[in-house]
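Q: Quick one: this structure, given as structure tokens, is what I'll be asking you about.
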Amino acid sequence: MDKFIVSARKYRPQNFSTVVGQSHITTTLKNAINNNQLAHAFLFCGPRGVGKTTCARILAKTINCENKTKDGEACNTCNSCISFDNGSSMNIHELDAASNNSVDDIRSLVEQVRFAPQAGDYKVYIVDEVHMLSAAAFNAFLKTLEEPPPYAIFILATTEKHKILPTILSRCQIFDFKRITTNDTVEHLREICDKEEITAEKTALHIIAQKSEGCMRDALSILDKIVSFTGGKITYSNTLEHLNILDEDYYFTMLDHMRKQHLSDALLLFDTINQKGFEGDTFLEGFTEFVRNLLVSKDPKAAVLLDVAEDFKQKYLQVSLETEASWMLAALNLLTDSTIGYKQARNKKLFVEMSLIKLSYLQQALEITSTDGGISKKKLTDSVKPVAFRSIPIRRIQEENIVPPPQTAGRTATLIIEQEKPAAPVAKKEPAATLPSPATGMGSLANIRAKVAEQNKSVSGPKPLVPDDLTKAVEIHISKLLAKKNNLGAGVLKTSGFEIVDDNTFTIITDNTLQQKVIEAERSELIHHLQSYFNNRALKYTIVVNKKEGANEPEEKQLNRKQQYQLMTEQYPKIKELRERLRLEVD
Ligand SMILES: [Zn+2]
């Protein structure tokens, strides 16, 4: 344990058979060597850390070996092999194009190509990160690549094949390296642990392999760090701790809380996770991955994509059976949005909590959209209560042209929303008495003022409160409001109804409490204006809400299915997407 060397270097493969996870490439190369059908230029493509440079070095060593095995492998014992292994061979030249990408760098390389090897058969030129070469450097290189001397072999390596010029691609034999699978990585780590006498739980090695995302170099360096951190005893929990990964048990518990709509439990669990030092984005990403794994477990065909340690697989399969695919899909959408939104959120913890709240109510949301509406309908109609209606005695109103509202005229109305009849989608505007619009029958503001002044002069006592004059007085006030750009006040007043109660009293009838409040806010100005218009200090009014059928009051509103759906999508926009994906119809 004391002399533990960085495993990436110590366990670098020495021949083709020990290269992990690239057998499709090593087999082809061995066959080419055996059959003497070597190309002069190779292009090794693939992600970082999967063995491109390693394979290039093995190839260089093998073709120069004085004593190749029948299998097409280097002997690792001849002079040439030893010089390759200790780095003293003159037949291998490596150029890192990431840092040496100028024309001059390529020219000096091309210069060397002219000299034949003093020992061995081949001179091998490895150009790493070849996509980084400048265009001029590429061109300088092209000529040599076209007509190389027989002893020269070029191996170009790149992580970005699409950046390679077609003229280069067409001159190379191309090998695509694969990401190393989690299982291959786990096996390789296991071999190293056995050789180094390190005890390691399999779940821990799986976590390391997963974290390295197919890059063996990363997997080995993580292994090294955890070995030095734990003194050679690698367990699931100390690996999680070292890699700052949340135990999957937390996700299973969180899912359980959400499915049962135990909102407070979900929030408390997140608080615990947070206090353990896991930030919101780590949790969101981890939970997204978790739900994704559950979703692929649902279908036996897709279950091969389940990338979790063997010990957990059974639990995933079990829980996925208990969870609807629609929930998982909707949750994934919601989580993806949350992960994106997280960066912009000011209060990160609150933001994650909001996501948890949405996820906790997701089940309910899906039930409403997917069932035939029976549950929600029942709930909503249960809450409908009869609305008592205060009677408003109408005096003098028949003498005038104002039509009284049919449902309120001189009776005590008890309004019950009929349960079977779907409510009108939008509250119909049925003001008790509609005032003529200010544009008609009205001159300019100045004219009106003059008229009012004249009227005020001509009457000595209070002006009688009659509908026609009340209408005129209100119109004047509406013009004043419009002049002050108080469009809301003017609009509400315009659509309200007016009923005269007695000589000094009238009622303003609004459609809802919001309108009532708007007019209430104007009270002092309106009453002042009306008292002076009618020359009557005793003039007063009350504002009532006309609770007629279909009025836009949330407590009394009975939603049809489309409205329920609309309301849901406002609260949970993803439901719309879900519906479209699953092609559900809202009837
Ligand atoms: Zn050899």
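The values are calculated or read from the model by the stated rules, or taken from the named source; none is laboratory data. These numbers come from a predicted model, not from an experiment. Every residue, glycine among them, receives a Cβ derived from its backbone with ideal geometry; neighbour counts consider all protein chains shown.
Residues checked against (1) closer than 21 Å to S17 by Cα; (2) away from the ligand (no atom under 16 Å from the Cβ); (3) modelled with pLDDT under 90:
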residue: D104; (1), (2), (3): no, yes, yes
residue: Q118; (1), (2), (3): no, yes, yes
residue: Y122; (1), (2), (3): no, no, no
residue: A137; (1), (2), (3): no, yes, yes
residue: A157; (1), (2), (3): yes, yes, no
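Q: Still on this structure, please answer the following. Being within 16 Å of the ligand (Cβ to nearest atom) and buried (at least 18 other Cβ atoms within 10 Å of the Cβ) is true for just one of I25, I63. Which residue is that?
A: I63
Q: Moving on to the next point. Go through segment 73-90 and give me each residue that's part of a loop (DSSP other than H, G, I, E, B) and within 12 Å of the ligand (Cβ to nearest atom).
A: E73, A74, C75, N76, T77, C78, S89
Q: While we're here: Which of the residues spanning segment 347-366 are without any contact (Cβ under 8 Å) to a residue 24 or more places away in the chain and over 13 Å from D281 (Cα atoms)?
A: Passing the criteria: only M354.
Q: Just to be sure I understand the filter: pairs with C-beta atoms under 9 Å, separated by 6 or more residues or on different chains, first member in segment 69-88 and in contact (Cβ under 8 Å) with a residue 24 or more places away in the chain and under 16 Å from L29 (Cα atoms), second member more than 10 Å from the ligand (Cβ to nearest atom) and among the aromatic types (F, W, Y). Which pairs pass?
A: D71/F16; G72/F16; E73/F16; A74/F16
Q: Here's something else I'd like to know. Restricting to segment 119-168, what's the tally of residues that are more than 38 Å from the chain's Cα centre (by Cα), touching a residue at least 60 places away in the same chain (Cβ under 8 Å) and part of a helix (DSSP H, G or I)?
A: 2
Q: Regarding segment 226-247, can at least one residue be identified that is aromatic (F, W, Y) and under 30 Å from L268 (Cβ atoms)?
A: Checked segment 226-247: at least one residue is aromatic (F, W, Y) and under 30 Å from L268 (Cβ atoms).
Q: A further question follows. Would you confirm whether or not segment 41-58 contains a residue that is within 16 Å of the ligand (Cβ to nearest atom), assigned by TED's automatic domain parsing to the domain that holds S134 and either touching a Gly at 6+ places or on another chain (Cβ under 6 Å) or outside any loop (DSSP other than H, G, I, E, B) (or both)?
A: yes
Q: Filter segment 309-329 down to the residues that are among the aliphatic types (A, V, I, L, M) and over 23 Å from the mean Cα position of the chain (by Cα) and list them by number.
A: A309, L317, V319, L321 - these are the residues of segment 309-329 that are among the aliphatic types (A, V, I, L, M) and over 23 Å from the mean Cα position of the chain (by Cα).
Q: If you go through segment 92-108 one residue at a time, do you hit one that is among the small types (G, A, S), over 28 Å from H188 (Cα atoms) and buried (at least 20 other Cβ atoms within 10 Å of the Cβ)?
A: yes
Yes/no matrix, rows are residues, columns are (1) surrounded by fewer than 22 Cβ atoms within 10 Å (Cβ to Cβ); (2) over 15 Å from R12 (Cβ atoms); (3) touching a Lys or Arg at 6+ places or on another chain (Cβ under 8 Å); (4) polar (S, T, N, Q):
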{"position": "D184", "(1), (2), (3), (4)": "yes, yes, no, no"}
{"position": "H188", "(1), (2), (3), (4)": "no, no, no, no"}
{"position": "Q210", "(1), (2), (3), (4)": "yes, yes, no, yes"}
{"position": "E213", "(1), (2), (3), (4)": "yes, yes, yes, no"}
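Q: Shifting gears a bit: Find the residue count for segment 347-379, including only residues that are modelled with pLDDT under 90 and basic (K, R).
A: Selection size over segment 347-379: 3.
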